[in-house]
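To keep things clear, I will list the structure first and then write my remarks on it.
What follows is calculated from the coordinates using simple rules that are stated; it is not laboratory data. If you're wondering where the values come from, they're calculated on a predicted model, not measured in any experiment. Positions of Cβ are backbone-derived with ideal geometry, glycine not excepted, and every protein chain shown enters the neighbour counts.
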Amino acid sequence: MWIKPKMTEAAGSRCIALAGLLVIAGALLCARPAMAQDVKSYTRATFDQWLAKYKDAKPDFKVGDVLTAKDLERMRPFIFPGYLEQLNFPEFKAPIAAPVDHTPRQDYMACTEKYQSQVKLLPDHTVGNYVCGQPFPNASVKESDPDAGWKAVWNYEYRWQSFGFSCMAPATWDRSGGSHDIPTWELPPTDWMNSAGWTESGVNPRLPSAEVMKLIYGGGGNFQRTLDAFYRKVFYTHLAMLENHTLPVPNAAAFEFKEFTGFYSPFDIRGTAFIIYRYADPHREDDGWAYIPNLRRVRRISAEVKSDSLLGTDHTLEDFYSFSGRELEWHWRFLGWKDQLAVVDSVHAYTYLYGPNGIIPNDTWTMRRFAIEERTPLSERHPYKSVVEDWDSQNYDAWLMEAFDHKDKLWKVWEFQKKWSESFDKDDWMYPINKGVFTTEFQSVQVLDVQNDRGTIWIVPGGFPNLKGPEAEKLYDINKLEEIHR
């Protein structure tokens, strides 16, 4: 039984003084921008209220200004609620730079000009008469059109990505608070890198120096584990740069793309690999396979697996790029165009991070215009009730994304950091597979689980290798998923 102690007069005075200090502290907290811990109470209504209030907001800052944590209220109209609050730490700085022109490469733009006028949105929400380029003009993506959400998502699906993307992809489990050792990386297996065309493209991949690794993994946070992965995606159809717009390999016309994700470190997950086939027919379900070393066998992947956590990270196979699922398994709604602050023109070869949990980009910010899109799953079994995301108005590449659970609470926030392909230095090993592509290179993904004070940091250095023939088929042979063993 707990017995209340007798309070002395001196103790009573101290308590009164402490109470007064708490009142003052509370008033000061109310006067400051919302803190990160307040985000747990955010709901979908929080986002909708933010969008309604700030939809047409214009900044009172300009290129050359450097914003700090004291300027969060000035930044609030231009950053999703839930992510803005993560920037509230003393060291935060946001140098404002001029936006870079993100117009895709000329062959993609020529395809758009030649074929866009013939593209139609069909009654089943698929696209008809599509060949290559951007299917629908931005002027047709407007809130008054109930089909605008579908037009936007097909623009996203068929955005310019050359022949496809390949990268190293170390994923670090980040837990709130504390400090961390700098993770270590390993280079991917040589066969994987060669199959991605890195050798033919003149790429000599190398690990960052110790000094650069400290900048990549700056700030605080409790880093529990790092998984080394290699990722590769190849497109088979709608290729603007080829005369017949189809990869010259057998049965290429049946596919839109194929993906490979393989893990090679640490020891307990070495050899785990996934292959996804996306078919050209949007009604046809994906085929997917996984090799799990503990089982020593290849297994098919169900739709449920694609929406589950990927090897304990805060990411799913559907979350790649912001969305890599099948469009017809969701309902799409366009919420409007909006000017926003973003880190999509990094000045570094790698993402540099800082902040109390080591998950915020330490880079320049630019004002850009984005399409805000909502997707809601048709399946009630899906873990997300709704998702809102940003797509750049020039190339439909992603910036921010937020997922809400079935109680409408904010669950996860993604930040997809980019670097313009033409801004790599010749000394950067990624230069040969980015120069001349004219797109934004996927530099990193930071996923925040705001309900559970955790996150995952994906650093994804790589680029867009120039694969034109049968060599593109390597890595997608299901019978070779067992090539790496423990």
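Below are the figures for this structure:
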quantity: Inter-site label distance for R206 and D405 at 7 Å from Cα along Cβ, in nm; calculated: 4.6
quantity: Helix 44-54 axis, angle to the chain major axis (alpha carbon atoms, nearest 10°); calculated: 90
quantity: Estimated vicinal HN-Hα couplings, Hz - the range 328-334 in sequence order (Karplus 6.51, -1.76, 1.60; Gly, Pro = x); calculated: 6, 8, 9, 9, 10, 9, 7
quantity: Dipole magnitude of the chain, debye to nearest 20 (Cβ charges: Lys/Arg +1, Asp/Glu -1, about Cα centre); calculated: 980
quantity: Farthest toward positive dipole pole in the chain [+1 Lys/Arg, -1 Asp/Glu at C-beta], among W160, Y321, S195; calculated: Y321
quantity: Tilt relative to the chain, helix 148-157 - C-alpha long axis, 0 to 90 degrees, to 10; calculated: 70
quantity: Whole-number percent relative contact order across the chain, with pairs defined as alpha carbons under 8 Å at least 6 apart; calculated: 19
quantity: Note, ³J(HN,Hα) from phi for the range 203-210, Karplus 6.51, -1.76, 1.60, rounded to Hz, x at Gly and Pro; calculated: 7, 10, x, 8, 7, x, 5, 4
quantity: Vicinal HN-Hα couplings computed from phi for the range 185-192 (Karplus, 6.51 cos²θ - 1.76 cosθ + 1.60; Hz; Gly/Pro x); calculated: 10, 10, 6, x, x, 4, 4, 5
quantity: Gain on full stretching of the segment that runs from L242 to Q224 - 0.36 nm per residue minus C-alpha separation; calculated: 2.0 nm
quantity: Distance (nanometres) between label positions extended 7 Å along Cα→Cβ at D308 and M109; calculated: 4.6
quantity: Under-5 Å amide H pairs with F257, H placed in peptide plane, nonlocal only; calculated: Y236, R278
quantity: For the range 101-229: rounded, prolate or oblate by the Cα gyration tensor [a/c cutoff 1.5]; calculated: prolate
quantity: Mean Cβ count within 10 Å, highest first, over the residues of peptides 132-139, 465-472; calculated: 132-139, 465-472
quantity: Net charge over other residues, Cβ less than 15 angstrom from the Cβ of I182 (K, R count +1; D, E count -1); calculated: -3
quantity: Sum of -39500 (n - 2.57) over DSSP H runs of 4+, divided by residues of the chain (222 nm, nearest 500); calculated: -4500 deg cm²/dmol
quantity: Percent RCO, i.e. relative contact order, over the range 146-228, from Cα pairs under 8 Å lying at least 6 residues apart; calculated: 49
quantity: Cα centroid of the range 138-181 to Cα centroid of the range 366-418, whole Å; calculated: 8
quantity: Computed FRET value (nearest 0.05) for N194 with A253, which takes r as the C-beta separation and R₀ as 35 Å; calculated: 0.85
quantity: Segments 45-53, 264-272 sorted - mean Cβ within 10 Å per residue, highest first; calculated: 264-272, 45-53
quantity: Nearest-0.05 FRET efficiency for T43 and R284, computed from C-beta distance (R0 35 Å); calculated: 0.45
quantity: Trypsin sites (Lys or Arg not before Pro) within the range 288-347, DSSP loop, no more than 14 other Cβ atoms inside 10 Å; calculated: R296
quantity: Mean separation of Cα contacts under 8 Å, 6 or more apart, over the residue count of the range 48-133: relative contact order %; calculated: 24
quantity: Degrees, to the nearest 10: 106-115 long Cα axis against longest axis of the chain; calculated: 70
quantity: In the range 351-431, GluC sites (Glu not before Pro) in a DSSP loop with at most 10 other beta-carbon atoms within 10 Å; calculated: E380
quantity: L51-R296 pseudo-label distance in nm [points 7 Å out on the Cα-to-Cβ vector]; calculated: 5.2
quantity: Gyration tensor verdict on the range 166-480 (Cα atoms; rounded if a/c is under 1.5, prolate if a/b is larger than b/c, oblate otherwise); calculated: rounded
quantity: Shape call, the range 118-159: gyration tensor on alpha carbons, a/c limit 1.5; calculated: oblate
quantity: Label-zone membership for the range 256-281, site E482, 7 angstrom Cα→C-beta point, backbone N under 15 Å; calculated: 271-273
quantity: Nonlocal amide H pairs with D65, under 5 Å, H built at 1.01 Å; calculated: I96
